[in-house]
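Have a look at the structure below, then the notes.
Nothing in this text is a laboratory measurement; each read-out follows from the coordinates by a stated rule. These numbers were taken from a predicted model, which means no experiment stands behind them. For neighbour counting, all protein chains shown are included, and Cβ atoms are generated from backbone atoms with ideal geometry for every residue, glycine included.
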Amino acid sequence: MVKRVWKVVHPLLTLAAVGCCVYLLLRPTAPVLSGRVSAGEDHHLRRFLDVKRIGGDAELPADVHHCALACFLYTDGQLDQRLSADTFSPSAGSRVIPYFVMWGPTAKGVRGSTVNQWSAMSAADDIWAKLDGPLAQCFGPTTFGEVHGFRIIGFAASGECRPSQENKRNISSGDVETTIEIRRHVMMLGYKPFVTEEEARKYVNGDGMDADFRK
């Protein structure tokens with residue numbers, strides 16, 4: 001009797017289990033609304049491809065409504081070049097800054113891109129290959145301090161140290177000023193608050209930013 005019942009029940013249980021698996025695989029999933037890059041990124045794939053990134057997880061604090069964004073490079077403790085610039089004014093939704101920098105090995109060497117809410121700009125500058133040391137980025141409305149009036153939300157440095165700083169090679173500090181003091185190359189991503197969107201755009205598109213960086 002039990003065997004006959006089992007012969008009937010067993011196929012039904014198997015079909016039910018298969019059905020549950022199919023449902024779990026095919027069911028629609030709600031999109032992640034955080035706006036953060038890390039919420040939808042493939043972390044394991046980036047590790048496999050040796051791709052690095054800073055930015056994409058920082059948020060503007062509640063009292064900042066408009067800002068200028070900049071990615072810039074320090075070499076031997078001095079400003080070397082500004083790699084890119086943009087503006088950001090959060091809408092009623094997410095306050096996550098839609099801007100990040102990523103780089104990794106390609107057939108043409110190590111290349112990098114600065115990515116904003118509209119486009120990606122690739123570059124073949126050899127600086128990307130030099131950013132093989134400490135890396136830090138903010139999550140939420142925190143910063144690593146200020147450089148040239150920009151609140152730093154992420155930075156990456158070279159493994160190579162500045163002259164006379166070689167004995168600090170093993171130091172990996174979350175403090176951007178200490179990193180600039182120790183490392184030969186430091187790339188930083190930051191934002192500068194403004195009262196209006198127009199002021200932020202004038203600063204980026206005019207000579208305001210260049211004047212500040214020449215100080």
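Listed from fewest to most Cβ neighbours within 10 Å, the set L131, L79, L49 follows the order L49, L79, L131. So which aspartates and glutamates pass the test for K108, namely a Cα distance under 16 Å, with those fewer than 8 places away in the same chain ruled out? In chain and number order, the partners are D50, D125, D126. Between D63 and E197, the modelled labels are 2.3 nm apart [label points 7 Å from Cα along Cα→Cβ].
Please report the projected area of the stretch 123-190's Cα convex hull averaged over all directions, in nm².
4.9 nm²
Under 5 Å from the amide H of G133 lie the amide H atoms of A157, S158, G159, each residue being 5 or more positions distant or on a separate chain, with H modelled from the backbone and absent for Pro and chain starts.
Working from label points 7 Å from Cα in the Cα-to-Cβ sense, the I171 to T142 distance is 2.1 nm.
Translational diffusion of the stretch 38-185 was estimated from the Stokes-Einstein equation, with Rh taken as the Kirkwood radius over Cα pairs; at 25 °C and 0.890 mPa s the coefficient is 152 µm²/s.
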